[in-house]
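*Asks:* Quick one: the structure is below, and I'll ask about it shortly.
Coordinate-derived values only; no laboratory data. This structure is a prediction, so every number in the text was calculated from the model and none was measured. Glycine also receives a Cβ, built like all others from the backbone with ideal geometry; neighbour counts cover every protein chain displayed.
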Amino acid sequence: MTQAGIQPIPPAFILVRPQMGENIGGAARAMLNFGLDRMRLVDPRDGWPNPRAAAMASGAGRVLDLAGVFPTVQAAIADRDYVFATTARGRELTKPVLTPERAMIEARALVAAGKKVAVLFGPERAGLENEDLIHAQALVTVPVNPEFPSLNLAQCVLLLGYEWQRQGVVPPPEVMEMAGTDFASAIEIERLGDHFEEKLAAAGFFFPEHKAPSMKLNLRNMWARLGLTRAEVQTLHGMLRQIAYKIRSDGL
């Protein structure tokens, strides 16, 4: 909720003069991946609705069903308070240029304050023109390979959608998948250390003698630091037993 108690409105993603229905459908999928469903279309080349867009949307059809169609950029942003425009090239316009991350941080702040935000995406062939960009308060440029800066329309939508969602959630902590086992207990780690010390001592590993205490200390620290599972501890015990058995049977 906003500070005024009003439900915040997610940004509208506006595709300006999109050329291929498949890219519109791909953009719809990308939007819904990140919880966005407010698509607007400005003068789509092949008209609307577009069966190729519907086929490509594959499960995100409701984004297309809700999409508004507008004749001009001005009409599409008429109810918006702040507009970002994506572009791959420097333009002859004095405007702040933001990364997708920074743009969506600002978008989150604007939306939380009750403002209505839009993001403009240009047609596949050449992107937005200066006549489109003049309506935006800020430009968004993805830091890509300067020798090949062009992004597919759906890719660009995906990047902005990802950053929008990412700025609104606390990253979950790292989760360890235990695969049916559990971490070894302290006593299990201690017994593993005992087993290793026994076998290594028999093999003459702790040499010279005056360094043996520090060598043993380092080994104990290593076992504790590794965060071994019970299954891994049992595997290491088994390896040691098999090595000892092989040495005895071969008379080494």
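*Asks:* Show me 61-69, 207-215 ranked by packing, highest mean number of other Cβ atoms within 10 Å first.
*Replies:* Working: 61-69: 16.7, 207-215: 10.3.
Put in order of decreasing packing, that is 61-69, 207-215.
*Asks:* Sorted from fewest to most neighbouring beta carbons within 10 Å, what does the list Y245, Y82, Y162 look like? Walk me through the numbers on the way to the answer.
*Replies:* Numbers: Y245 10, Y82 19, Y162 16.
The order, fewest Cβ neighbours first, is Y245, Y162, Y82.
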